[in-house]
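One structure is given here, and the rest of the page talks about it.
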Amino acid sequence: MTGQGDLAKQLWLQAHVKVLSAENLPNHDGEKAGHTDPFVTVALSGLTRRTKTKYNTGTPEWGEQFEMYFQDGDTLEVTVMDDDSGEVTSEDDLVGTASVRLSSADISPDKTHSFKLPLKARGAPVVGVRKGDRNDVDGSLEGADVISTVSFQVSWGTPRKEGAAAPKTPRKKSSKKSAPGKSKTAAAAAYGG
């Protein structure tokens, strides 16, 4: 007899992933260039989606939603990148990643769950710089170092039986062409660019 846990692993679930915002992103383009030009990729069950790029900001807001499919226990990975597509000699830079395991034991279906997670790069927290007030005693910038975060929401429902493949979603084709000698990023490769 199949247990309830086994049955849950056999079903495809429909997820609605909404990328909301990021905070305190570090400047990846050098001090003279201003802030970062961030975009987010969300990856779940082998499918990757990408937000639009927000230019010259350390506190981007997206509000973009994606429909994806997964099985109970899969991990949703959220990656914040710095878009360097306008620069011939540079590839997109990793700002940081965050992930959450989507488990029916921890997250209820048919309910929206909000997450605000710290970004990590190479296993360490990503530290951004926030402008703040000067300390009257020693002149230091109070609260200057802060952890960069990404905020998103996940909701799901509509179980699909095993053997019923997750619906195929058309992959976006990038209209941008890589400059000669410039390799494609993982995000561009995922979109057929």
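The values are calculated or read from the model by the stated rules, or taken from the named source; none is laboratory data. Computed from a predicted structure; not experimentally measured. Here the Cβ is made from the backbone with ideal geometry for all residues, glycine too, and neighbour counts use every protein chain on show. These area figures cover heavy atoms from the full protein model, side chains too; ligands, DNA and RNA do not enter into them. Shrake-Rupley method; radii C 1.70, N 1.55, O 1.52, S 1.80 Å.
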Does any residue of segment 55-71 turn out to be at pLDDT below 95, touching a helix residue (DSSP H, G or I) at 6+ places or on another chain (Cβ under 7 Å) and open to solvent by 10 Å² or more (accessible area, probe 1.4 Å)? yes
Which ones in segment 94-114 are open to solvent by 40 Å² or more (accessible area, probe 1.4 Å) and at pLDDT 90 or above? LEU94, THR97, SER99, ARG101, THR112, SER114
